[in-house]
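Okay, so here's the structure we're looking at.
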Amino acid sequence: MTTKEATVYIVDLGRSMGEKRHGREQTDLDWALEYVWDKITNTVASGRKTALMSVIGCRTDDTDLGGVMEEAEGYENLYVYSELKQYLLCDIRMLQDLFKPSETNEGDLLSAVALAVQMIDSKTKNGKGMPLKYERRIIIVTDGRGHIETEDLEQIAAKIKDTDAPIEVVLLGIDFDDPDNGFKEEDKDAQKAKNEDALKSFVEECDGAFGTLAEAIDQLQIPRLKETRPVLSYRGQLTLGDPAKYDSTLTIDVERYPCTMLAKPPTASSFAMRTDLRNISVAGPSTQSSNTIVGEDHPMTDLSAVRNQRVYQVDNQDEPGTKKNVEMGELERGYEYGRTAVHISESDMNVVKLETEQSLSIIGFVKAEECERYLPLSRSNFIIPQKANQPAQLGLSSFIHALYEAECYAVARLVAKNDKPPVVVLLVPRIEVDWEALVDVELPFEEDMRRYKFPPLDRKLTVSGEVIKEHKDLPTEDLTDAMSAYVDAMDLSKFDTDEDGQPAEYAKLEDTYAPLVHRINHIIRWRATHPDPTLPIPPPPSILTKYANPPAELLESSSKPFEKLKLAAKVTKVPPKAKGRGKRNRTERDKPLSGLDIDALLGNPSRVQIDPANLVPSFKQALTASDDLDAIQDACNDMGREIKSLIKLSVGDSGYGRALEALRVMREEMVELEEPEIWNVFIRGLKSEVLEGRLGGNRREMWWKIRGSKYGLVDAKRSLVSEVSEEEALEFLKS
């Protein structure tokens with residue numbers, strides 16, 4: 001069950017909030033809204049219906065108490081923008097239009113606090129005035145420059161500190177004095193200094209939190225981890241022995257909760273533009289596409305949620321060639337066996353199905369040193385004694401300490417629920433100052449193990465069994481020493497320093513965050529408050545990229561071991577590949593093992609004529625004969641003429657097949673030689689001649705075959721030296 005929350009934001013919208021101070025490029029209100037929007041969008045993104053919010057504007061031009069107070073006397077220039085409710089994107093859009101600096105500085109901040117307290121009380125108490133289970137919170141953002149009535153401070157503080165329904169108060173001041181961070185505003189207005197003292201005393205009286213906006217915004221860069229309530233996955237007995245047969249069985253009542261949960265980035269949902277299908281009923285089988293069935297509408301947008309529906313159809317025996325809809329209950333399961341569906345009835349399934357009962361029984365013990373770290377398959381879980389069960393607490397504590405002192409782990413068979421497949425888990429004792437528990441992880445069965453054999457890294461074995469320890473593929477002693485020194489120089493375990501200046505671990509686990517999860521959440525929240533698609537997405541927070549690369553100081557200190565490693569490994573720079581040369585240079589081609597130049601011995605000419613009767617082989621021979629660009633161009637020109645001749649002289653489509661094969665070879669050879677421009681010029685001319693009927697009449701069918709084979713332009717994706725973009729290549733085939 002999720003925690004219920006009731007939060008009221010009090011935002012100061014006075015005229016003074018529209019000014020820029022202390023060299024900032026944004027107004028005080030825009031600066032304050034960075035914090036307010038972050039808090040609101042985080043709550044909206046959670047999608048929790050139990051997280052209620054409301055916003056009260058202070059020092060506004062108009063007065064609207066939202067029906068919370070009947071009398072407006074003493075509550076002038078306060079505006080209640082909404083009741084306590086679940087906020088959605090439309091509410092954010094509404095607040096964006098209303099969060100503007102007003103034309104007045106009138107309005108009492110503490111009256112807004114009293115109004116917020118009244119709102120929370122009326123929403124979080126039942127009809128008898130008894131408080132419900134809510135986390136109550138008031139967050140105030142102000143510059144402290146308005147008039148504040150301090151007469152009722154004690155009564156308001158007493159109401160906030162109600163023991164039955166206390167309210168947490170958080171006040172963030174703009175440019176308030178902060179001795180902890182060494183900030184003190186010079187030439188401060190006397191009224192503001194008086195208000196700061198009054199507000200600080202009020203928050204301390206309420207046992208709340210008093211801070212500065214600068215400190216709060218700095219902390220916004222730190223991702224907030226989502227805390228989820230642990231969900232019970234097993235409640236039963238931990239047994240050693242069979243309690244059904246023996247009386248001396250060890251039996252402990254325990255409960256099992258997850259230790260950690262995998263955080264995943266939010267997934268995108270599918271929406272469709274609103275259409276006239278809104279009122280169509282979706283009950284029963286539907287003939288509409290799943291992309292057009294409209295679900296829940298989204299206010300203030302033109303989008304509707306896509307609602308998917310699954311329909312089962314079979315061949316209609318009464319009307320051959322047609323299908324009919326059937327209910328899922330009329331179908332039976334079938335399993336693929338090759339290309340055949342094998343039907344297994346429910347009665348047969350019951351025979352092979354393993355009937356299990358809920359249990360957690362110990363089946364053995366293993367020494368801690370013999371348990372390999374790579375064996376665990378699942379996330380970890382805590383096994384604790386059942387609550388308010390003193391014998392279970394004493395028994396499990398004794399068992400945990402026995403395992404710890406014996407340096408052993410227990411292996412158990414777990415069936416979380418009846419008829420669920422059993423798993424084997426490893427039970428590891430965990431003893432902390434305030435609590436004790438067993439940590440369980442799933443172990444693999446024999447069928448789950450994959451054992452691979454690799455040759456040794458420090459020696460080679462010949463066929464005769466001889467051991468070779470010096471080989472070009474084996475590391476030398478100098479290389480091993482250089483690598484060891486470089487690894488030691490890149491050590492992060494003591495690179496950082498703690499508060500006392502002592503060496504500490506760099507990039508601790510608790511200081512690192514998943515960039516994918518938090519970056520996507522950051523972009524979603526930012527786009528919710530900045531819907532203009534022309535605005536560029538802001539860079540990721542520095543804390544997400546802090547550990548993306550090794551620290552510069554460490555790289556500099558390890559440069560000498562790195563240079564020694566390069567010398568020991570004989571690392572040399574590979575020369576860049578000449579642009580446009582490809583495999584045209586004959587010296588770059590693979591030479592025969594004999595080292596003889598067969599072409600030179602046979603006296604082959606530098607240029608080979610294209611033979612129409614042997615088109616493809618003669619074209620390849622012409623490309624191999626010379627690496628001169630003019631010779632390659634001549635060979636392609638001759639090849640192009642023969643292709644056009646095949647198309648022009650073709651009776652029907654009899655010659656189209658040979659022409660397509662010649663096109664394929666010519667295109668592939670030009671890509672390999674990194675001369676795509678020769679092909680692109682040719683195929684453009686061929687398309688023009690085919691479509692204009694200059695190759696023996698109407699040859700459009702040949703163009704359709706070229707399109708179907710995708711023998712279009714060579715773009716930059718296929719060849720890096722091509723100047724044709726992917727969009728241009730696609731448009732060439734479409735038009």
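Consider ARG607 against the criteria (1) among the charged types (D, E, K, R); (2) in contact with a Leu (Cβ under 9 Å, 6 or more places away or on another chain); (3) at pLDDT below 85: it satisfies all of them except one. Which criterion is unmet?
For ARG607, the failing item is (2).
Return the only residue of ASP653, ASP715, ASP630, ASP638 being touching a helix residue (DSSP H, G or I) at 6+ places or on another chain (Cβ under 9 Å), in the same structural domain as ASP611 (by TED's automatic domain parsing), of a type outside the set (Phe, Trp, Tyr) and exposed (fewer than 14 other Cβ atoms within 10 Å of the Cβ). Full working, then the answer.
On the way: ASP715 fails: exposed (fewer than 14 other Cβ atoms within 10 Å of the Cβ); ASP630 fails: touching a helix residue (DSSP H, G or I) at 6+ places or on another chain (Cβ under 9 Å); ASP638 fails: exposed (fewer than 14 other Cβ atoms within 10 Å of the Cβ).
Sole residue among the options that is touching a helix residue (DSSP H, G or I) at 6+ places or on another chain (Cβ under 9 Å), in the same structural domain as ASP611 (by TED's automatic domain parsing), of a type outside the set (Phe, Trp, Tyr) and exposed (fewer than 14 other Cβ atoms within 10 Å of the Cβ): ASP653.
Pairs please, first residue from the range 500-514 and over 18 Å from ALA548 (Cβ atoms), second anywhere and surrounded by 14 or more Cβ atoms within 10 Å (Cβ to Cβ), Cβ atoms under 7 Å, 6+ apart in sequence or on different chains.
ALA504/ASP496
Out of everything in the range 359-397 that is among the β-branched types (Val, Ile, Thr) and surrounded by fewer than 16 Cβ atoms within 10 Å (Cβ to Cβ), what residue ends up being farthest from PRO421 (Cα to Cα)? Show your work before the answer.
Initially, the range 359-397 is screened for residues among the β-branched types (Val, Ile, Thr), giving 362-363, 366, 383-384.
With surrounded by fewer than 16 Cβ atoms within 10 Å (Cβ to Cβ) added as a condition, the list becomes 363, 366.
Values: ILE363: 16, VAL366: 23 Å.
Here the residue is VAL366.
Taking PRO421 and the conditions (1) under 32 Å from the mean Cα position of the chain (by Cα); (2) within 18 Å of GLU255 (Cβ to Cβ), which numbered condition does it fall short on, given that it satisfies the others?
(2)
Yes or no: ASP532 under 23 Å from LYS39 (Cβ atoms) and either part of a loop (DSSP other than H, G, I, E, B) or in the same structural domain as CYS90 (by TED's automatic domain parsing) (or both)?
Values: under 23 Å from LYS39 (Cβ atoms): yes; either part of a loop (DSSP other than H, G, I, E, B) or in the same structural domain as CYS90 (by TED's automatic domain parsing) (or both): yes.
Here the answer is yes, as ASP532 does meet what is asked.
Counting only residues that are under 40 Å from the mean Cα position of the chain (by Cα), among the acidic types (Asp, Glu) and either surrounded by 15 or more Cβ atoms within 10 Å (Cβ to Cβ) or part of a strand (DSSP E or B) (or both), how many does the range 167-206 have?
4
Out of the residues in the range 80-115 that are among the hydroxyl-bearing types (Ser, Thr, Tyr) and assigned to a loop (DSSP other than H, G, I, E, B), which is farthest from the chain's Cα centre (by Cα)?
From the range 80-115, those among the hydroxyl-bearing types (Ser, Thr, Tyr) are 81-82, 87, 102, 104, 111; that's our starting set.
Next cut, assigned to a loop (DSSP other than H, G, I, E, B) only: 81-82, 87, 102, 104.
Values: TYR81: 34, SER82: 33, TYR87: 24, SER102: 41, THR104: 45 Å.
Result: THR104.
Keeping to the range 69-91, report how many residues are under 28 Å from ALA45 (Cα atoms) and surrounded by fewer than 18 Cβ atoms within 10 Å (Cβ to Cβ).
Count: 7.
Only one residue in ASP61, ASP30 is surrounded by 15 or more Cβ atoms within 10 Å (Cβ to Cβ), part of a loop (DSSP other than H, G, I, E, B) and of a type outside the set (Lys, Arg), so which one is that?
Working: ASP30 fails: part of a loop (DSSP other than H, G, I, E, B).
Exactly one residue qualifies, and that residue is ASP61.
When the range 128-143 is examined, which residues are found to be within 45 Å of the chain's Cα centre (by Cα) and at pLDDT below 90? Can you show your working first?
Kept after step one, since they are within 45 Å of the chain's Cα centre (by Cα), are these residues of the range 128-143: 129-143.
GLY129, MET130, PRO131, LEU132, LYS133, listed by residue number.
Hey, among VAL366, VAL314, VAL351, which residue is in contact with a Lys or Arg (Cβ under 9 Å, 6 or more places away or on another chain), hydrophobic (A, V, I, L, M, F, W, C) and not in a loop (DSSP other than H, G, I, E, B)? Quick ask: steps written out before the conclusion?
Details: VAL366 fails: in contact with a Lys or Arg (Cβ under 9 Å, 6 or more places away or on another chain); VAL351 fails: in contact with a Lys or Arg (Cβ under 9 Å, 6 or more places away or on another chain).
From the options VAL366, VAL314, VAL351, the qualifying one is VAL314.
Among all residue pairs at least 6 apart or on different chains, which show Cβ distances below 7 Å where the first residue, located in the range 262-275, is in the same structural domain as LEU303 (by TED's automatic domain parsing) and the second is surrounded by 12 or more Cβ atoms within 10 Å (Cβ to Cβ) and assigned to a loop (DSSP other than H, G, I, E, B)?
Within 7 Å, the pairs are LEU262/ARG379; ALA263/ALA514; ALA272/THR292; THR275/THR292.
From the list VAL433, VAL467, VAL424, pick out the single residue that is loosely packed, with under 12 Cβ neighbours inside 10 Å, closer than 26 Å to GLU369 by Cα and β-branched (Val, Ile, Thr). Spell out the reasoning first.
Working: VAL467 fails: closer than 26 Å to GLU369 by Cα; VAL424 fails: loosely packed, with under 12 Cβ neighbours inside 10 Å.
One residue alone meets the criteria, VAL433.
The values are calculated or read from the model by the stated rules, or taken from the named source; none is laboratory data. All values reported here derive from a predicted model rather than from experimental measurement. Every residue, glycine among them, receives a Cβ derived from its backbone with ideal geometry; neighbour counts consider all protein chains shown.
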